[in-house]
2 protein chains.
Amino acid sequence: MKTYKIRSQTIQDDPNAISVGLVEKKYFTFAEPPHGMPIDSGGKLGPITIAYETYGRLGPEKNNAILVCHALSGDSHAAGVYHDDDSKPGWWDFMIGPGKGIDTHRFFVVCSNILGSCMGSTGPSSPNPDESKPFGLNFPFVTIGDMVRAQKALIDHLGIKKLFCVIGGSIGGMQVLEWCIQYPERVVSAIPIATTTRHSALSIAFNEVSRQAIMADPNWNHGDYYAGTKPDAGLAVARMIGHITYLSDESMRQKFGRRLQNKEDFSFNFDADFQVENYLRHQGKKFVDRFDANSFLYITKAADYFDLKRQYGSGSLVKAFEKVKSRFLVISFTSDWLYPTFQSRDITQALKKNGLDVSFCEIEADCGHDAFLLPLNRQTDIIKGFLSSAYSEISS
Amino acid sequence: MKTYKIRSQTIQDDPNAISVGLVEKKYFTFAEPPHGMPIDSGGKLGPITIAYETYGRLGPEKNNAILVCHALSGDSHAAGVYHDDDSKPGWWDFMIGPGKGIDTHRFFVVCSNILGSCMGSTGPSSPNPDESKPFGLNFPFVTIGDMVRAQKALIDHLGIKKLFCVIGGSIGGMQVLEWCIQYPERVVSAIPIATTTRHSALSIAFNEVSRQAIMADPNWNHGDYYAGTKPDAGLAVARMIGHITYLSDESMRQKFGRRLQNKEDFSFNFDADFQVENYLRHQGKKFVDRFDANSFLYITKAADYFDLKRQYGSGSLVKAFEKVKSRFLVISFTSDWLYPTFQSRDITQALKKNGLDVSFCEIEADCGHDAFLLPLNRQTDIIKGFLSSAYSEISS
């Protein structure tokens with residue numbers, strides 16, 4: 001029996017282990033020309049490929065499917081490992097697996113990479129069928145709504161008529177809300193986590209500065225860099241800005257404080273003196289190896305455009321939710337200053353005013369917006385409890 | 001009689017007008033080689049030139065001098081105008097002038113540009129006496145303590161034995177605290193505003209990302225860009241990051257919300273759709289015309305290094321203040337999340353534990369850290385009141 005050390009947990013490759021074990025990335029292509037998929041910015045896009053993974057088994061009644069939606073830089077690899085000696089499990093491995101919060105003994109879990117990303121699904125780094133090179137800025141703007149429509153095509157393809165649950169944090173939570181509005185008949189329950197119905201000026205500001213950092217890099221070259229040097233320096237700065245907003249003042253104090261990085265005194269130069277400087281530089285560098293700068297631009301802009309009130313409610317969030325039929329668990333974290341709790345309360349109130357069954361839980365956590373990506377027992381327990389209770393009802 | 005339209009006020013060039021009127025930038029050079037001024041990073045620096053302005057008159061007893069310390073990107077031009085048709089008065093013009101918060105009928109006001117800056121004082125963009133070009137990264141690291149020692153040389157030069165008050169916000173507030181510790185006999189009263197005794201990990205993080213944005217710009221060229229193209233793109237991004245931290249979530253909501261910039265609908269491209277995007281781009285562009293990227297690097301690093309506990313208190317802030325003799329007015333703003341109120345409370349408590357006379361005032365303001373630069377009556381009134389009462393005491 002092999003044992004993998006994963007974060008603070010240990011998973012094992014035997015049938016009783018808590019990991020889903022070996023998993024495989026799959027691809028679904030649709031909207032072949034001349035059809036294409038209509039998109040919000042006008043026109044049609046196609047063919048579209050969506051990368052996805054599944055865990056657990058779809059039951060004979062096909063009523064046990066859960067769609068997991070990832071955040072800005074996530075991917076379809078939400079749980080398990082790719083090969084025996086893979087030390088990097090999926091990004092929500094602590095949440096998804098046999099006996100876990102999203103229990104794969106019971107549920108069939110689907111996670112797909114969003115349209116516009118670069119982790120297997122069609123995006124600005126994909127080959128442009130009209131040219132002999134990647135799209136770059138010729139890729140059309142896609143919205144959170146477009147991402148959800150592409151997910152819906154995948155769910156249709158998998159033969160799932162009704163999703164038992166759609167769940168996700170941050171931009172993943174935006175997708176959850178879009179699903180409930182666009183396809184009210186197809187979502188039994190929904191768990192939007194640490195999310196918002198529209199970015200505040202502050203959130204737009206952080207995204208805009210990140211984009212400016214990328215576009216200031218001469219290697220960005222108006223998005224046409226795939227044959228040359230990538231805008232790594234700009235993308236690293238963009239990632240560092242993002243990272244600050246994912247943490248909290250308190251978590252940074254606990255994690256780094258003013259501790260120096262392998263030195264007793266100040267260097268009096270521009271090296272990383274403080275651990276927090278070193279951490280940010282490291283995060284920036286790591287990111288450029290796995291993520292595409294243009295995808296970062298497109299997805300942050302889609303998040304900035306996202307505005308349920310404006311798009312579906314003529315200015316009213318209550319109206320935006322009027323056709324929604326799902327039951328909800330809304331989760332926020334006390335120290336999230338990117339999408340503060342009051343925004344989750346707004347969601348909860350607007351849903352309740354539509355007579356929906358909504359539970360709201362603000363979790364006490366020091367770790368900021370990124371809390372949903374951390375193995376907090378409280379989050380796992382309430383998700384597990386909510387899913388279990390909702391599933392008993394539809395199965396009884 | 002001429003009338004200048006300045007911000008929301010009107011100043012007039014007659015003796016009863018509320019502006020100090022026409023002012024002039026002066027220069028003081030000291031520490032000529034071979035002497036030089038010892039600096040914290042080791043060695044000596046010289047000659048040093050300090051740009052400064054003065055308003056009002058030094059009284060015969062020379063006990064009415066107030067030193068105003070500016071923040072990161074400020075300069076010595078704190079009040080008045082340079083010429084008759086100058087529409088841009090000093091950065092604290094609403095505070096300094098006849099009858100104003102710092103009343104030039106009564107006080108002689110000095111404001112000098114900090115060492116390391118680029119607004120007339122010696123800094124990385126100044127000519128390096130050892131080479132035929134500006135210092136660039138050959139400029140030695142200077143600390144807040146060094147900046148204050150250079151100010152002290154100027155104050156000596158002006159024949160002022162004791163400063164009636166040292167006042168400043170943000171990095172200016174750090175200088176205020178340094179003055180009180182380094183020269184306890186020479187500061188009668190002190191007003192540190194919206195400041196801290198040491199940067200939190202969050203503040204260091206924002207500064208570090210700003211520095212990385214500059215250093216990621218190939219035109220930065222390791223600080224050696226004075227003969228070529230300046231790293232404007234990187235510096236603009238750095239300024240944009242700073243600007244976000246100077247505002248608050250609430251002030252951005254009020255000022256911009258999600259309002260679009262001269263358009264009815266989203267552009268679906270990377271133009272500035274939202275007003276907040278346009279504002280930040282504008283701030284970035286404006287800044288590069290007047291500020292030097294290397295100075296930005298040096299001053300932010302000095303602010304990150306600033307740590308009174310570490311430098312003067314062997315880990316204790318109370319001990320750091322043990323030789324201080326001034327009386328204090330400590331001011332913070334409710335919405336300042338860069339240097340939150342609790343940091344000003346820490347200052348107040350540590351001063352009080354040393355038996356000092358300290359007033360603390362947290363001002364209710366939505367506008368974030370930058371509040372001290374805005375004409376808030378509350379701030380002006382309490383500064384005026386404090387100065388007036390303290391001055392009566394020493395004059396009686």
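Only a single item in (1) out of contact with any Leu (no Cβ under 8 Å at 6 or more places or on another chain); (2) in contact (Cβ under 8 Å) with a residue 40 or more places away in the chain; (3) closer than 26 Å to A:F164 by Cα is not met by A:D366, and it is number (3).
Residues that are open to solvent by 20 Å² or more (accessible area, probe 1.4 Å) and in contact with a helix residue (DSSP H, G or I) (Cβ under 6 Å, 6 or more places away or on another chain) within segment A:53-70 are absent altogether. Among the residues of segment A:79-119, those that are within 15 Å of A:C69 (Cα to Cα) and of a type in the set (F, W, Y) comprise A:W91, A:W92, A:F108. Just one residue in the set A:I11, A:I18, A:I6 is in the same structural domain as A:F139 (by TED's automatic domain parsing), open to solvent by 60 Å² or more (accessible area, probe 1.4 Å) and at pLDDT below 95; that residue is A:I18. The residue list A:S344, A:S389, A:S335 contains one member that is part of a helix (DSSP H, G or I) and buried (at least 16 other Cβ atoms within 10 Å of the Cβ), which is A:S344. Summed over segment A:51-89, the residues that are over 24 Å from A:F296 (Cβ atoms), among the small types (G, A, S) and part of a strand (DSSP E or B) give a count of 1. May I ask you to verify whether A:F287 is in contact with a Lys or Arg (Cβ under 6 Å, 6 or more places away or on another chain), in a helix (DSSP H, G or I) and more than 11 Å from chain B (Cβ to nearest Cβ)? So A:F287 fits the description; yes. Scanning segment A:90-119 for residues that are part of a loop (DSSP other than H, G, I, E, B) and either over 16 Å from the mean Cα position of the chain (by Cα) or under 30 Å from A:L45 (Cβ atoms) (or both) yields a total of 18.
If I filter segment A:245-261 down to residues being charged (D, E, K, R) and within 15 Å of B:R310 (Cβ to Cβ), which single residue comes out as nearest to the other protein chains (Cβ to nearest Cβ)? Show your work before the answer.
Keep residues of segment A:245-261 that are charged (D, E, K, R), which gives A:249-250, A:253, A:255, A:258-259.
Subsequent filtering for residues that are within 15 Å of B:R310 (Cβ to Cβ) retains A:258-259.
Working: A:R258: 6, A:R259: 9 Å.
The qualifying residue nearest to the other protein chains (Cβ to nearest Cβ) is A:R258.
Taking the criterion of being away from chain A (no Cβ under 14 Å), in a loop (DSSP other than H, G, I, E, B) and in contact with an Asp or Glu (Cβ under 9 Å, 6 or more places away or on another chain), the residues of segment B:30-50 that qualify are B:G46, B:P47. If you filter segment B:215-244 down to residues that are assigned to a helix (DSSP H, G or I) and more than 30 Å from B:L374 (Cα to Cα), you find that the one that is farthest from the other protein chains (Cβ to nearest Cβ) is B:N221. When segment A:308-355 is filtered for residues that are within 14 Å of chain B (Cβ to nearest Cβ), in contact (Cβ under 8 Å) with a residue 12 or more places away in the chain and under 26 Å from A:L247 (Cβ atoms), the ones remaining, listed by number, are A:S335, A:D336, A:W337, A:L338, A:Y339, A:T341, A:Q343, A:D346. Determine whether segment B:185-194 contains at least one residue that is outside any loop (DSSP other than H, G, I, E, B) and within 14 Å of chain A (Cβ to nearest Cβ). Among the residues of segment B:185-194, not one is outside any loop (DSSP other than H, G, I, E, B) and within 14 Å of chain A (Cβ to nearest Cβ), which makes the answer no. Restricting attention to segment A:247-302, the residues that are open to solvent by 30 Å² or more (accessible area, probe 1.4 Å) and in contact with a Gly (Cβ under 7 Å, 6 or more places away or on another chain) total 0.
Answer with yes or no whether B:K352 is touching a Pro at 6+ places or on another chain (Cβ under 8 Å) and closer than 24 Å to B:V188 by Cβ. Talk me through it step by step, then tell me what you get.
Working: touching a Pro at 6+ places or on another chain (Cβ under 8 Å): no; closer than 24 Å to B:V188 by Cβ: yes.
It is false that B:K352 is touching a Pro at 6+ places or on another chain (Cβ under 8 Å) and closer than 24 Å to B:V188 by Cβ.
Put simply, of A:I193, A:I160, A:I167 the only residue that is in the same structural domain as A:S359 (by TED's automatic domain parsing), open to solvent by less than 10 Å² (accessible area, probe 1.4 Å) and more than 20 Å from the chain's Cα centre (by Cα) is A:I160.
Of all the numbered requirements in (1) free of Cβ contacts under 8 Å to residues at least 40 places away in the same chain; (2) within 25 Å of B:D232 (Cβ to Cβ), A:S267 misses one, and that requirement is (2). The sole residue among B:R258, B:R281, B:R239 that is more than 30 Å from B:H222 (Cα to Cα) and among the basic types (K, R) is B:R258.
Quick grid of which residues meet (1) polar (S, T, N, Q); (2) more than 19 Å from A:V176 (Cα to Cα):
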residue: A:L45; (1), (2): no, yes
residue: A:T54; (1), (2): yes, no
residue: A:R57; (1), (2): no, yes
residue: A:N64; (1), (2): yes, no
residue: A:L72; (1), (2): no, no
residue: A:G90; (1), (2): no, yes
residue: A:G97; (1), (2): no, yes
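The values are calculated or read from the model by the stated rules, or taken from the named source; none is laboratory data. Every value quoted in this text rests on a predicted model; they were computed, and no experiment measured them. When we count neighbours, we look across all protein chains shown, and the Cβ atoms used for this are built from the backbone with ideal geometry, even at glycine. Side chains are part of the model used for accessible areas, which takes the heavy atoms of the whole protein and leaves out ligands, DNA and RNA. Shrake-Rupley method; radii C 1.70, N 1.55, O 1.52, S 1.80 Å.
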